[in-house]
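Peer 1: Got a structure for you, questions after.
The values are calculated or read from the model by the stated rules, or taken from the named source; none is laboratory data. Model, not experiment: these values are computed from the prediction. Cβ: placed from backbone, ideal geometry, glycine included. Neighbour counts: every protein chain shown. Calculation scope for accessible area: heavy atoms of the full protein, side chains included, ligands and nucleic acids excluded. Shrake-Rupley method; radii C 1.70, N 1.55, O 1.52, S 1.80 Å.
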Amino acid sequence: MTPEQRRKNRRTAIILVIFVIALVAWTFWRARNGIG
Amino acid sequence: MSSVTVDHIPASEGHVEHERPTGWRRWVFATNHKDIGTMYLLFSFFMLLEGGVLALLVRTELFSPGLQFFQPELFNQFTTMHGLIMIFGAIMPAFVGFANWMIPLQIGASDMAFARMNNLSFWLLPVGATLFTVSFFVPGGANAAGWTMYAPLSLQMGPGMDFAIFGVHILGASSIMGAINIIVTVLNMRAPGMTMMKMPLFCWTWLITAYLLLAIMPVLAAAVTMLLTDRHFGTTFFNAAAGGDPVLYQHVFWFFGHPEVYVMILPAFGIISAVVPAFSRKPLFGYASMVYATAAIAILSFLVWAHHMFTTGMPVTAQLYFMYATMLIAIPTGVKIFNWVATMWRGSLTFETPMLFAIAFIFVFTIGGFTGLIIAVAPIDIAVHDTYYIIAHFHYVMVAGSLFGMYAGAYYWIPKWTGRMYNERLGKWHFWNSIISFNVTFFPMHFLGLAGMPRRYADYAVQFTDFNVIASIGAFWFGFSQLIFLYLAVKAWRGHGQPAAAQSWEGAQGLEWTIPSPAPWHTFETPPVVK
Amino acid sequence: MKTLRRFLGTGALLAWSCIASAQVEDMPGGPRVNQLNLPDGVTEIARDIEWLHWMLLSVCAAIFIGVFGTMVYSIIMHRKSRHPTPAKFHEHIGVEIAWTVIPFIIVIAMALPATRTVVAMKDTTSADLTVKVTGYQWKWGYEYVDGPAAGVNFLSNLSTPRDQIEGNAPKGTTYLMEVDNPLVVPVDKKVRIVLTSNDVIHAWMVPHFGVKQDAMPGFLRDTWFRAEEIGTFRGQCAELCGRDHAFMPIVVDVVSQEDFDAWAASQKQAMAQASDDPSKVWEADELIARGESVYGTHCVACHQANGQGMPPVFPALDGDTEYVLAPMEQQILTVLNGHPGTAMAAFRDQLNDTEIAAVITYTRNAWSNAGKGEDPVVQPADVLALR
């Protein structure tokens with residue numbers, strides 16, 4: 001893989017990871033009434 | 001999918017030369033998509049057998065009414081872990097194995113986008129599977145709350161439940177990483193000229209599946225984490241007395257759970273969409289509609305989760321909405337079935353084992369799809385929810401659907417993977433035994449469910465005996481039939497059988513058939529140009 | 001040959017098991033032997049569900065035959081040996097639109113009658129009788145909220161003997177679907193079931209009624225049925241709830257309104273009597289304490305807290321020499337049977353022997369009556385003797 005290809009891949013992956021983290025956070029936010 | 005021609009460009013991309021590792025290092029440190037794919041497939045077959053043994057223990061107890069062998073607590077551990085192991089240990093990893101092997105080959109890429117993360121994705125699996133297996137031996141035994149782990153029952157379980165939760169976390173993390181890998185590979189690493197609408201449908205279905213996984217696995221992780229904190233850290237997400245709500249668990253779980261079942265079938269749709277055209281010697285009918293239908297199914301799958309909750313007491317408007325939305329999924333699914341039949345129509349058909357499994361898939365998956373449409377109708381679901389009718393439905397779509405789809409793909413691609421044609425006579429034995437014993441096992445369960453036999457029952461009213469006897473006999477027959485596949489797969493892998501050509505099947509299309517059989521360890525180091 | 005032997009072996013096994021279970025009979029109000037379809041419902045909702053199922057199954061079967069008839073035709077006529085040159089077509093806009101639009105219309109047609117039934121199933125208003133059902137690990141509790149049986153509550157446990165479950169005794173026809181105390185409801189009346197749970201999620205299911213509803217801890221859910229036939233109907237718990245999930249069935253006795261009223265009355269009496277043992281001998285101060293609370297609930301309105309009453313309509317009990325400070329028989333009989341021609345009601349059905357003994361003892365020791373008169377202490381057995 002060329003460095004440019006690696007950079008493209010990394011950028012796509014980071015976008016997806018941010019989506020995953022946001023989703024987990026949103027799920028807990030929606031369920032916040034049950035905390036404590 | 002249009003047929004592709006291949007031109008090699010002289011200039012090469014940077015792939016550092018290295019010695020090929022041997023022995024255990026080759027596997028533990030694997031970064032090669034073919035090796036990792038092989039490991040996924042081996043692991044998942046082993047889990048299929050482990051989950052199958054649990055099913056046979058269940059069917060042994062259910063052979064006659066009364067409690068003969070197992071107390072109900074242990075019985076419920078069997079039914080629960082059978083579900084968890086089959087879903088998270090067998091079906092999902094097997095499809096990832098297919099993805100790892102075939103996606104780079106089909107798009108003309110040298111490997112997956114993130115080869116080292118791929119390694120981690122695989123090696124997390126035995127860890128998670130060990131947690132599941134070991135949970136039987138901790139005090140209190142394994143999780144016995146059903147694979148769905150509803151609160152508050154799951155809050156009552158012993159440490160085995162925590163093992164299951166951590167197992168789910170680990171297997172879920174593996175799935176998320178695998179999904180990221182697949183999305184990035186398919187989006188960024190297609191060979192020049194391989195536009196999205198020229199990709200094999202298997203790549204499309206896996207791309208869409210990967211998006212589904214990304215959206216749902218974090219939600220499952222959240223749900224089981226909430227179970228964990230309710231159990232041990234004083235939270236009250238699901239405790240009504242403290243302001244929580246047990247139904248919240250069901251909503252979060254099924255928001256994961258419904259798209260999850262499409263995760264488990266869409267790759268099979270992709271496999272069938274490769275096998276049927278190959279053995280009809282005719283292009284797939286309606287490629288564009290197949291893509292749109294798959295996308296429609298995936299999007300709709302997020303909007304229907306509460307059809308698993310029709311008896312929880314939701315308001316009438318919600319009941320109606322979820323009924324309508326669920327019934328709508330029948331339409332894109334029907335389109336796909338029609339397209340496969342239209343692909344066969346006026347083709348030139350031969351019936352080697354992959355095609356037998358593909359045709360059986362269409363036939364038996366449609367039965368499961370129809371029972372799905374029937375239970376989408378809320379009043380009918382009220383009658384059969386939590387009965388054997390539901391068990392019949394999902395085993396039709398998941399065993400006859402997903403598993404038979406996988407067998408179609410395995411027989412189709414074994415020549416490419418091993419360089420050998422498997423023994424066709426044995427393949428047909430495996431097929432006929434499987435399809436007949438499958439129906440013997442699961443068809444009577446429709447009757448049991450309509451008559452009112454509930455699920456997750458260790459014992460039943462004597463009037464249900466005969467159909468339970470038939471199901472148990474069928475189950476053992478089906479289980480042992482899978483050993484035929486194991487035998488012939490191992491034989492091919494060890495180099496017995498007719499050598500396979502690069503174009504192993506006369507009608508097969510796609511980049512993977514332009515490289516030798518078995519596929520060389522490194523392929524498409526220089527991307528082909530696709531016209 | 002091997003396949004043939006396999007089929008014969010399986011057939012023999014099936015035949016044997018069919019013979020072995022030949023003496024199994026249909027369960028009255030429960031599943032029939034080898035039942036293939038939904039049960040014959042005894043409510044309109046159950047019959048609606050049966051009709052919907054039949055309609056959907058027929059449409060699906062017709063489509064199935066059409067599609068797979070086509071596929072089988074293709075398998076026969078387009079196999080390579082018969083059809084060596086494959087066609088090349090791979091799209092057809094008209095056909096693709098047709099087989100998207102027509103199924104869409106079919107689905108809408110299916111959804112219309114289903115909508116009517118969903119709405120009907122959710123309408124729990126205007127019930128004739130309401131029963132609160134509580135799921136426990138592992139039994140059901142029933143409490144009548146209104147009607148002739150208001151206040152009646154009891155637990156309903158599986159009554160199949162352990163011997164049958166463990167295979168040490170032959171299994172009865174109602175194996176696993178029989179209880180000690182069934183739910184009793186009147187026929188042709190809309191019964192609203194209000195559900196909750198004491199611990200985990202359970203589900204109350206009666207197939208012949210077309211009813212299934214989850215019982216959630218900490219919440220109330222409701223459903224309803226109107227049984228149109230007299231008889232006994234059986235169901236089971238339909239949500240995994242732990243070890244004995246399979247051992248907490250539901251039995252509903254649907255009876256005539258008269259039988260229901262009679263049953264309700266006897267239940268109330270049995271409850272009243274069951275709660276206190278009439279042969280128990282009480283200490284004086286226990287009786288007085290108990291009696292004071294009974295007095296406060298049932299007597300104080302007329303006889304007043306100070307026992308002065310409102311003569312002449314409501315006699316004073318304080319210092320009364322005709323009943324309270326006289327031998328016990330008269331007072332007992334008056335409390336039991338009332339005083340015809342006056343406002344004094346008969347309490348024989350409302351109070352049990354212990355309560356009557358207690359309240360009489362209280363009156364004989366309260367206010368200025370303490371230490372005076374005969375029979376200062378009355379035991380429940382004394383009351384029972386005069387019933």
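Peer 1: Against the conditions (1) modelled with pLDDT of 95 or more; (2) more than 9 Å from chain B (Cβ to nearest Cβ), where does C:A22 fall short? Just the number, please.
Peer 2: (1)
Peer 1: Another question, then. Can we say B:F322 is at pLDDT 95 or above, part of a helix (DSSP H, G or I) and facing chain C (nearest Cβ under 8 Å)? Talk me through it step by step, then tell me what you get.
Peer 2: Values: at pLDDT 95 or above: yes; part of a helix (DSSP H, G or I): yes; facing chain C (nearest Cβ under 8 Å): no.
In short, no.
Peer 1: Determine whether the range B:375-382 contains at least one residue that is more than 9 Å from every other protein chain (Cβ to nearest Cβ) and within 27 Å of B:P516 (Cα to Cα).
Peer 2: no
Peer 1: Restricted to the range C:333-358, and to residues that are hydrophobic (A, V, I, L, M, F, W, C) and not in a loop (DSSP other than H, G, I, E, B), which residue is surrounded by the fewest Cβ atoms within 10 Å (Cβ to Cβ)?
Peer 2: C:L333
Residue-wise test of (1) open to solvent by 40 Å² or more (accessible area, probe 1.4 Å); (2) assigned to a loop (DSSP other than H, G, I, E, B); (3) of a type in the set (K, R); (4) over 30 Å from C:L158 (Cβ atoms).
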{"site": "B:G449", "(1), (2), (3), (4)": "no, no, no, no"}
{"site": "B:A458", "(1), (2), (3), (4)": "no, yes, no, no"}
{"site": "B:A489", "(1), (2), (3), (4)": "no, no, no, yes"}
{"site": "B:F524", "(1), (2), (3), (4)": "no, yes, no, yes"}
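Peer 1: I need the full set of residues from the range B:495-507 which are touching a Lys or Arg at 6+ places or on another chain (Cβ under 9 Å) and either within 20 Å of B:F431 (Cα to Cα) or part of a loop (DSSP other than H, G, I, E, B) (or both), in order please.
Peer 2: B:G495, B:H496, B:G497, B:Q498, B:A500, B:A502, B:S504, B:E506, B:G507 - these are the residues of the range B:495-507 that are touching a Lys or Arg at 6+ places or on another chain (Cβ under 9 Å) and either within 20 Å of B:F431 (Cα to Cα) or part of a loop (DSSP other than H, G, I, E, B) (or both).
Peer 1: Here is a check on your reading of the model: is B:L228 touching a Pro at 6+ places or on another chain (Cβ under 9 Å) and either on the phi < 0 side of the Ramachandran plot or more than 11 Å from every other protein chain (Cβ to nearest Cβ) (or both)? Before you say what the answer is, go through the steps one by one.
Peer 2: Numbers: touching a Pro at 6+ places or on another chain (Cβ under 9 Å): no; either on the phi < 0 side of the Ramachandran plot or more than 11 Å from every other protein chain (Cβ to nearest Cβ) (or both): yes.
No; evaluated as a whole, the condition is false for this residue.
Peer 1: Let me ask something else. In this structure, is B:G368 more than 8 Å from every other protein chain (Cβ to nearest Cβ) and farther than 18 Å from B:F302 by Cβ? Working first, answer last.
Peer 2: Numbers: more than 8 Å from every other protein chain (Cβ to nearest Cβ): yes; farther than 18 Å from B:F302 by Cβ: yes.
Criteria met by B:G368.
Peer 1: What are the residues in the range B:151-160 that are open to solvent by less than 30 Å² (accessible area, probe 1.4 Å), outside any loop (DSSP other than H, G, I, E, B) and in contact (Cβ under 8 Å) with a residue 40 or more places away in the chain, if any?
Peer 2: The answer is B:S154, B:G160.
Peer 1: Does B:P267 fit the bill of being closer than 25 Å to B:I103 by Cα and either in contact with a His (Cβ under 8 Å, 6 or more places away or on another chain) or of a type in the set (S, T, N, Q) (or both)?
Peer 2: Numbers: closer than 25 Å to B:I103 by Cα: yes; either in contact with a His (Cβ under 8 Å, 6 or more places away or on another chain) or of a type in the set (S, T, N, Q) (or both): no.
So B:P267 does not fit the description; no.
Peer 1: Among the residues in the range C:187-201, are any part of a strand (DSSP E or B), of a type outside the set (S, T, Y) and over 11 Å from the mean Cα position of the chain (by Cα)? Walk me through how you get there before you give the answer.
Peer 2: Of the range C:187-201, the ones part of a strand (DSSP E or B) are C:190-197.
In the following step, the residues that additionally are of a type outside the set (S, T, Y) were identified as C:190-195.
Filter again for over 11 Å from the mean Cα position of the chain (by Cα), leaving C:190.
Looking for residues that are part of a strand (DSSP E or B), of a type outside the set (S, T, Y) and over 11 Å from the mean Cα position of the chain (by Cα), one finds at least one in the range C:187-201, hence yes.
Peer 1: Just give me the residues in the range C:198-237 being among the basic types (K, R), over 21 Å from C:D40 (Cβ atoms) and open to solvent by less than 20 Å² (accessible area, probe 1.4 Å), in sequence order.
Peer 2: none
Peer 1: Continuing with this model, one more query. Output the number of the condition that C:I102 fails; it satisfies all remaining conditions of (1) under 26 Å from B:G369 (Cβ atoms); (2) open to solvent by less than 80 Å² (accessible area, probe 1.4 Å).
Peer 2: (2)
Peer 1: Given the condition out of contact with any Phe, Trp or Tyr (no Cβ under 8 Å at 6 or more places or on another chain) and buried (at least 21 other Cβ atoms within 10 Å of the Cβ), answer yes or no: does some residue in the range B:119-129 qualify? Step through it out loud before you land on a result.
Peer 2: Kept after step one, since they are out of contact with any Phe, Trp or Tyr (no Cβ under 8 Å at 6 or more places or on another chain), are these residues of the range B:119-129: B:120-121, B:123-124, B:127.
Within this subset, residues satisfying the condition of being buried (at least 21 other Cβ atoms within 10 Å of the Cβ) are B:121.
Among the residues of the range B:119-129, at least one is out of contact with any Phe, Trp or Tyr (no Cβ under 8 Å at 6 or more places or on another chain) and buried (at least 21 other Cβ atoms within 10 Å of the Cβ), which makes the answer yes.
Peer 1: Of these, B:M445, B:M453, B:M421, which one is open to solvent by less than 10 Å² (accessible area, probe 1.4 Å) and more than 8 Å from chain C (Cβ to nearest Cβ)? Break it down stepwise before answering.
Peer 2: Numbers: B:M453 fails: more than 8 Å from chain C (Cβ to nearest Cβ); B:M421 fails: open to solvent by less than 10 Å² (accessible area, probe 1.4 Å).
Unique residue meeting the criteria: B:M445.
Peer 1: Being facing another protein chain (nearest Cβ under 9 Å), without any contact (Cβ under 8 Å) to a residue 40 or more places away in the chain and not hydrophobic (A, V, I, L, M, F, W, C) narrows it down to one residue among B:T148, B:T235, B:T130; which is it? Reasoning before the result, please.
Peer 2: Details: B:T148 fails: without any contact (Cβ under 8 Å) to a residue 40 or more places away in the chain; B:T130 fails: facing another protein chain (nearest Cβ under 9 Å).
The conditions single out B:T235.
Peer 1: Among the numbered conditions (1) more than 14 Å from chain C (Cβ to nearest Cβ); (2) more than 30 Å from B:W204 (Cα to Cα); (3) out of contact with any Leu (no Cβ under 6 Å at 6 or more places or on another chain), tell me where B:F166 comes up short.
Peer 2: (3)
Peer 1: With respect to the numbered conditions (1) assigned to a loop (DSSP other than H, G, I, E, B); (2) surrounded by 14 or more Cβ atoms within 10 Å (Cβ to Cβ), which one is the sole condition not fulfilled by C:T361?
Peer 2: Condition (1) is where C:T361 drops out.
Peer 1: So, one more: Looking at B:L212, B:L171, B:L220, which one is in a helix (DSSP H, G or I), within 30 Å of B:T294 (Cα to Cα) and without any contact (Cβ under 8 Å) to a residue 60 or more places away in the chain?
Peer 2: Details: B:L212 fails: without any contact (Cβ under 8 Å) to a residue 60 or more places away in the chain; B:L171 fails: without any contact (Cβ under 8 Å) to a residue 60 or more places away in the chain.
Of B:L212, B:L171, B:L220, the one residue that is in a helix (DSSP H, G or I), within 30 Å of B:T294 (Cα to Cα) and without any contact (Cβ under 8 Å) to a residue 60 or more places away in the chain is B:L220.
Peer 1: Now, a different point. Please go through the range C:95-153 and pick out each residue that is within 11 Å of another protein chain (Cβ to nearest Cβ), not polar (S, T, N, Q) and not in a helix (DSSP H, G or I). Before the answer, list the steps.
Peer 2: Kept after step one, since they are within 11 Å of another protein chain (Cβ to nearest Cβ), are these residues of the range C:95-153: C:95-124, C:137-138.
Those left that are additionally not polar (S, T, N, Q): C:95-99, C:101-114, C:116, C:118-123, C:138.
C:D123, C:W138, listed by residue number.
Peer 1: Which residue pairs have Cβ atoms under 6 Å apart, sit 6 or more places apart or on different chains, and have a first residue in the range C:131-158 that is touching a residue at least 60 places away in the same chain (Cβ under 8 Å) and a second that is open to solvent by 30 Å² or more (accessible area, probe 1.4 Å) and aliphatic (A, V, I, L, M)?
Peer 2: Qualifying pairs under 6 Å: C:K132/C:V145; C:K139/C:L155; C:Y144/C:A150.
Peer 1: Assuming B:H307 fulfils every condition listed in (1) under 23 Å from B:I216 (Cα atoms); (2) without any contact (Cβ under 8 Å) to a residue 24 or more places away in the chain apart from one, which condition is it?
Peer 2: (2)
Peer 1: Additional query: Could you list, ordered by first residue, the pairs with Cβ atoms under 8 Å in which the first is in the range C:197-221 and at the interface with another protein chain (Cβ under 7 Å from one of its Cβ atoms) and without any contact (Cβ under 8 Å) to a residue 12 or more places away in the chain and the second is of a type in the set (V, I, T) and part of a loop (DSSP other than H, G, I, E, B), at least 6 apart or interchain?
Peer 2: Short answer, once both residue conditions are applied: none.
Yes/no matrix, rows are residues, columns are (1) away from every other protein chain (no Cβ under 12 Å); (2) under 30 Å from B:L155 (Cβ atoms):
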{"position": "B:I180", "(1), (2)": "no, no"}
{"position": "B:W204", "(1), (2)": "yes, no"}
{"position": "B:I208", "(1), (2)": "yes, no"}
{"position": "B:A240", "(1), (2)": "no, yes"}
{"position": "B:L266", "(1), (2)": "yes, no"}
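Peer 1: Can you tell me which residue is nearest to B:I299 (Cα to Cα) among those in the range B:190-209 that are open to solvent by 20 Å² or more (accessible area, probe 1.4 Å) and assigned to a loop (DSSP other than H, G, I, E, B)?
Peer 2: Result: B:T195.
Peer 1: Only one of B:A306, B:A222 is closer than 21 Å to B:M157 by Cα and either at pLDDT 95 or above or open to solvent by less than 10 Å² (accessible area, probe 1.4 Å) (or both). Can you tell me which?
Peer 2: Numbers: B:A306 fails: closer than 21 Å to B:M157 by Cα.
Every option except B:A222 fails the conditions.
Peer 1: Do we have B:W254 as open to solvent by 30 Å² or more (accessible area, probe 1.4 Å) and in a helix (DSSP H, G or I) here? Walk me through how you get there before you give the answer.
Peer 2: On the way: open to solvent by 30 Å² or more (accessible area, probe 1.4 Å): no; in a helix (DSSP H, G or I): yes.
Criteria not met by B:W254.
Peer 1: Hey, another quick one. Among the listed residues B:M344, B:M309, identify the single one that is at the interface with chain C (Cβ under 10 Å from one of its Cβ atoms) and closer than 21 Å to C:V72 by Cβ. Don't jump to the end; show me each part of the working.
Peer 2: Details: B:M309 fails: closer than 21 Å to C:V72 by Cβ.
Criteria check complete, one pass: B:M344.
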